[in-house]
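Presented below is the structure to which this report refers.
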Ligand SMILES: NC(=O)c1ccc[n+]([C@@H]2O[C@H](COP(=O)([O-])OP(=O)(O)OC[C@H]3O[C@@H](n4cnc5c(N)ncnc54)[C@H](O)[C@@H]3O)[C@@H](O)[C@H]2O)c1
């Protein structure tokens with residue numbers, strides 16, 4: 001029987017990874033899990049001691065040079081950094097679509113789309129020169145499908161005007177086709193590019209939200225943060241060597257009905 005620690009299909013020992021947004025809820029799980037599997041992991045985050053801003057090409061280039069000098073050309077890039085509107089977002093940001101602020105749209109698109117594009121440009125170019133690499137772009141069920149606005153009914157009952165904002169959905173949709181574009185563009189260079197689509201992750205949300213949300217999930221619960229790691233390991237490893245341009249959906253069945 002294969003020892004999972006040494007199974008060559010999933011073996012990541014000694015390989016180099018970059019995780020953007022690596023200090024966040026999910027990013028920190030990826031960093032932990034990939035490090036435990038022997039990868040050398042660079043954490044790119046605006047909140048890090050040595051901040052990397054994915055929206056700033058010079059910052060991404062400098063960070064890439066540091067990783068290459070220290071560890072070599074990355075084998076894995078996880079484009080995980082993103083902005084969503086927090087539950088306590090200003091009223092105009094979670095108000096009606098018709099008055100959703102342009103500035104909010106620009107800010108979300110800047111990080112979620114342009115940031116992903118810049119990291120692909122700079123790190124992907126180095127991977128293509130090396131003739132190998134795996135890029136994982138993180139999307140959301142809200143990028144595949146419209147948010148179900150009635151999940152947030154409990155907030156409206158409390159007197160708020162609440163609409164799940166549009167920019168996050170648009171940005172996460174863009175990620176799906178950036179993936180397909182680059183998968184074909186780099187196919188002959190040995191760089192694979194896939195999307196990992198996730199559904200809601202448990203983070204001590206209010207009970208009313210959990211009830212409304214989980215009623216729409218066939219598995220009947222939100223994901224735990226660690227449950228996205230298996231897909232990252234799969235997409236990083238040789239187990240997914242024939243997979244590019246795909247969208248791997250880890251959503252508890254949300255999109256199945
Ligand atoms: N949490 C969920 O329920 C959920 C569901 C579906 C998809 N996702 C996706 O998973 C990814 C991670 O989500 P999360 O919940 O861990 O988010 P999070 O907010 O906890 O972490 C995001 C991280 O990105 C960093 N960041 C923001 N702007 C940056 C920039 N310009 N440059 C570098 N770093 C920057 C932040 O500092 C933060 O550490 C996102 O792409 C998100 O869309 C999350």
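The values are calculated or read from the model by the stated rules, or taken from the named source; none is laboratory data. Computed from a predicted structure; not experimentally measured. Cβ: placed from backbone, ideal geometry, glycine included. Neighbour counts: every protein chain shown.
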| task | Please verify whether the stretch 5-24 includes one or more residues that are away from the ligand (no atom under 16 Å from the Cβ), modelled with pLDDT under 95 and more than 21 Å from residue 226 (Cβ to Cβ). | result | yes
| remark: Condition set buried (at least 22 other Cβ atoms within 10 Å of the Cβ) and more than 10 Å from the ligand (Cβ to nearest atom), scope the stretch 25-36, selection farthest from residue 240 (Cα to Cα): answer is 31
| Are there any pairs, at least 6 apart or on different chains, whose C-beta atoms fall under 9 Å, with the first in the stretch 173-198 and within 16 Å of residue 238 (Cα to Cα) and touching a residue at least 60 places away in the same chain (Cβ under 8 Å) and the second in a helix (DSSP H, G or I) and within 16 Å of the ligand (Cβ to nearest atom), and if so, which? | 193/120; 193/178; 193/179; 194/179; 194/235
| said: Being modelled with pLDDT of 95 or more and under 23 Å from residue 231 (Cβ atoms) is the requirement here; does residue 28 meet it? | reply: yes
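Looking at the stretch 206-238, which of the residues that are part of a loop (DSSP other than H, G, I, E, B) and over 20 Å from the mean Cα position of the chain (by Cα) is modelled with the lowest pLDDT?
Only one residue tops the list, namely 206.
Hey, does the stretch 68-76 have a residue that's outside any helix (DSSP H, G or I) and crowded, with 23+ Cβ neighbours inside 10 Å? Working first, answer last.
Looking only at the stretch 68-76, we keep the residues that are outside any helix (DSSP H, G or I), and these are 71-76.
Pick out the ones that are also crowded, with 23+ Cβ neighbours inside 10 Å and you get 74, 76.
Yes, the stretch 68-76 contains at least one residue that is outside any helix (DSSP H, G or I) and crowded, with 23+ Cβ neighbours inside 10 Å.
If you take the residues in the stretch 187-199 that are more than 16 Å from the ligand (Cβ to nearest atom) and under 20 Å from residue 139 (Cα atoms), which one is surrounded by the most Cβ atoms within 10 Å (Cβ to Cβ)?
Going residue by residue through the stretch 187-199, those that are more than 16 Å from the ligand (Cβ to nearest atom) are 187-192.
From what's left, under 20 Å from residue 139 (Cα atoms): 191-192.
Values: 191: 26, 192: 24.
This residue is 191.
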| request: Consider residue 115 carefully, then state whether it is surrounded by 14 or more Cβ atoms within 10 Å (Cβ to Cβ), under 20 Å from residue 48 (Cα atoms) and touching a strand residue (DSSP E or B) at 6+ places or on another chain (Cβ under 9 Å). | output: yes
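Quick one: in the stretch 118-149, which of the residues that are farther than 30 Å from residue 162 by Cα and not in a helix (DSSP H, G or I) is farthest from the ligand (Cβ to nearest atom)? Outline the logic, then answer.
Initial filter on the stretch 118-149 (farther than 30 Å from residue 162 by Cα): 118-136.
Then keep just the ones that are not in a helix (DSSP H, G or I); that gives 131-136.
Numbers: 131: 28, 132: 24, 133: 20, 134: 17, 135: 14, 136: 11 Å.
My answer is 131.
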